[in-house]
Amino acid sequence: MRARLERDFEQFRGGMPPDLAAHVLESYRIDLTARYLGFTLPHPIGKGSGQLSLNQEQLDTDRAAGLAFVVLKTVIAEDESGAQGMSAWAIHETRMRVERVRSASGLEGWTVNWKGRGWDRPFEDYLALVRTAGEMTRSGGMVAVPSVKYHLPKLDEEFREQEYRHTTARLAEAWGGDFLALEKDFSPTLAGDALADERDRILRWLREVPALIRRGAGAVPVRLGLKLMNARHGQPFQLDMVKAATGADLLVCFNRLWSEAQGVAYGGYDLSDRNLRALEAVKSAGLRRPPLSGTGNVESGRMILEYAKLGCESMQLHTFFQLPLSEYPATAGSRTQRALHGLVFHPESGLIAGLLDLEETGRIHRRDGMLRFLDVAST
Ligand SMILES: Cc1cc2nc3c(=O)[nH]c(=O)nc-3n(C[C@H](O)[C@H](O)[C@H](O)COP(=O)(O)O)c2cc1C
């Protein structure tokens, strides 16, 4: 199988097999089936919300590349009159710089330096994209779900419920079907904002926001993912946040770090180190918690497995889809295709190599001759 992997890696540099998961199943007897927000996915690799899911063209490219799911850029909620409690997040900024970043542990990774925030165009434009996403999801092409930032109050204030009602109802109508799948983003810029100074305030948001969103959707059931921030209150607080977020159907763990000094969000190995430590604490606590989706410096199949060992059933990448082309071993195809090639087939750092290693060390076992990705997350 290792020899086969070497061959596949070389062969697919110039183009990936049309059905990635079917190829892996047939050639290696490895079932890459994964889960995200109640959807069964062919494999665990998806795209996190951000600048790479702003329009239909990006969605079409990702679907054609065989990506498992995409979370649309975060939109800022509004009420009937168009007022936004979080309007400070709807700012326009296009310039992104992909840069090297060295972690505290001395590892060289990548980060995207960007000062922007949420969706900065009219809500109607976002709804048009959500319509496409809903159709794409139901047609079986690729799961694509919206993401929202709703009003978040101080402790002595009320939530602006009209925002929750108006925005959620419009999204449900646009996404279509008989339920709405949705992420609620608690972003690094929020973590860096004075609004997130108090722990009790954040915990209240996590306890109350799921019910507000569900009420906002009226009769339409909501599958709700909460994308948790890396708060500034130390690593043990990450566990407190997970404990408070029991009303969600999924937790996305955890959004980028916030640099107070530079006033920007960042990633790299500091992010994955911190996320994995926090997820270890969550695992050791043995909590009843919603299913998990991992995010943060996923730069190899092996990193996917580090998150999976701590319970993550799917992965959301952003930075890895933005690297200079010379960083991908593939020589043809879209960035998404090239990324998938390296993540899955790299003979040392890829997902297949990592799963074969886990089999060798006895961490997972073949059942009916088959290795299963989801067994990593559940054991
Ligand atoms: C330029 C940029 C914009 C982003 N915008 C959003 C956003 O609007 N909403 C959100 O939930 N996450 C956003 N993210 C976070 C990513 O979805 C992802 O969770 C995070 O960057 C960690 O993954 P990575 O290390 O692979 O980049 C953004 C990330 C980047 C780099």
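The values are calculated or read from the model by the stated rules, or taken from the named source; none is laboratory data. All figures in this text were calculated on a predicted structure; none of them were measured in a lab. Note that we place each Cβ from the backbone using ideal geometry, even for glycine, and neighbour counts take in every protein chain shown. Note: areas computed on protein heavy atoms with side chains; ligands, DNA, RNA excluded. Shrake-Rupley method; radii C 1.70, N 1.55, O 1.52, S 1.80 Å.
Counted residue by residue at 0.36 nm each, then reduced by the alpha carbon distance between them, the extension gain from L195 to D368 reaches 57.0 nm. DSSP assigns beta bridges within the chain; of those with both partners inside it, close to 30 percent run antiparallel.
Excluding same-chain neighbours fewer than eight residues apart, the lysines reachable from K243 by a Cα-Cα span under 18 Å are K184, K227, K283. The charge dipole of the range 105-149, taken about its Cα centre with unit charges on the Cβ atoms of Lys, Arg (+1), Asp and Glu (-1) only, comes to about 120 debye. Each residue of the range 182-192 was assigned a 3J(HN,Hα) from its phi angle through the Karplus expression (A = 6.51, B = -1.76, C = 1.60, θ = phi - 60°), giving 7, 9, 10, 8, 10, 8, x, 5, 5, 4, x Hz with x at Gly and Pro. The stretch between M96 and A281 holds 63.3 nm of extra length on full extension. This uses 0.36 nm per residue minus the Cα-Cα distance. Rounded, prolate or oblate: pick one for the range 1-85, where a ≥ b ≥ c are the square roots of the eigenvalues of its C-alpha gyration tensor, a/c under 1.5 means rounded, and failing that, prolate if a/b is larger than b/c, else oblate. The shape class here is prolate. Computed from backbone phi, the HN-Hα couplings of the range 243-257 come to 5, 7, 9, 5, x, 8, 9, 6, 10, 9, 10, 10, 5, 4, 7 Hz, rounded to whole numbers (Karplus: 6.51 cos²θ - 1.76 cosθ + 1.60, θ = phi - 60°; Gly and Pro given as x).
With 0.36 nm allotted per residue and the present C-alpha distance subtracted, the R7-A211 stretch has 68.3 nm of extension available.
The range 152-205 and the range 91-140 have their alpha-carbon centroids 18 Å apart. Taking amide H as placed 1.01 Å from N in the peptide plane, the amide H of V98 sits under 5 Å from that of N113, each at least 5 places away or on another chain.
Magnitude of the Cβ-charge dipole of the chain, K/R +1 and D/E -1, about the Cα centre, nearest 20 debye? Before the final figure, lay out the partial values.
Values: 48 positive and 49 negative charges, 101 e Å.
Computed about the Cα centre, the dipole is about 480 debye.
Heavy-atom accessible area for I202, with the other protein chains in place and a 1.4 Å probe, reaches approximately 0 Å². Scanning residues 5 or more positions from D31 or on other chains, those with amide H under 5 Å from its amide H are L371, R372, F373, with H placed 1.01 Å from N in the peptide plane.
Evaluating 6.51 cos²θ - 1.76 cosθ + 1.60 at θ = phi - 60° for every residue in the range 202-209, the Karplus couplings come out as 5, 5, 4, 3, 5, 6, 9, 4 Hz, glycine and proline recorded as x. Think of the chain as a dipole: +1 on every Lys or Arg Cβ, -1 on every Asp or Glu Cβ, centred on the Cα centre; then among M96, G176, L228, L228 lies furthest on the positive end.
Summing Lys, Arg as +1 and Asp, Glu as -1, what charge do residues with Cβ under 13 Å from the Cβ of A22 carry, A22 excluded? Spell out each step's value before the answer.
On the way: positive: R29; negative: D19, E26, D31.
Here the charged neighbours net out to -2.
Modelled spin labels at N113 and T361, positioned 7 Å past Cα toward Cβ, are 3.6 nm from each other. Treating r as the C-beta distance of S87 and F237 and R0 as 45 Å, the FRET efficiency rounds to 0.95.
Could you grab the relative contact order for the chain? Cα pairs under 8 Å, six or more apart, rounded to a whole percent. Please list the in-between numbers first.
On the way: 762 pairs, mean separation 77.0, N = 379.
After rounding, I find 20 percent.
Working note: 222 nm ellipticity from helices only, DSSP H runs with n ≥ 4, each -39,500 (n - 2.57), summed and divided by the residues of the chain, gives -11500 deg cm²/dmol to the nearest 500.
Projecting the Cα atoms of H151, Q58, L129 onto the charge dipole of the range 22-174 (Cβ charges, centred on the Cα centre) puts Q58 farthest toward the positive pole. Based on Cα contacts under 8 Å between residues 6+ apart, the range 131-200 shows a relative contact order of 37 percent.
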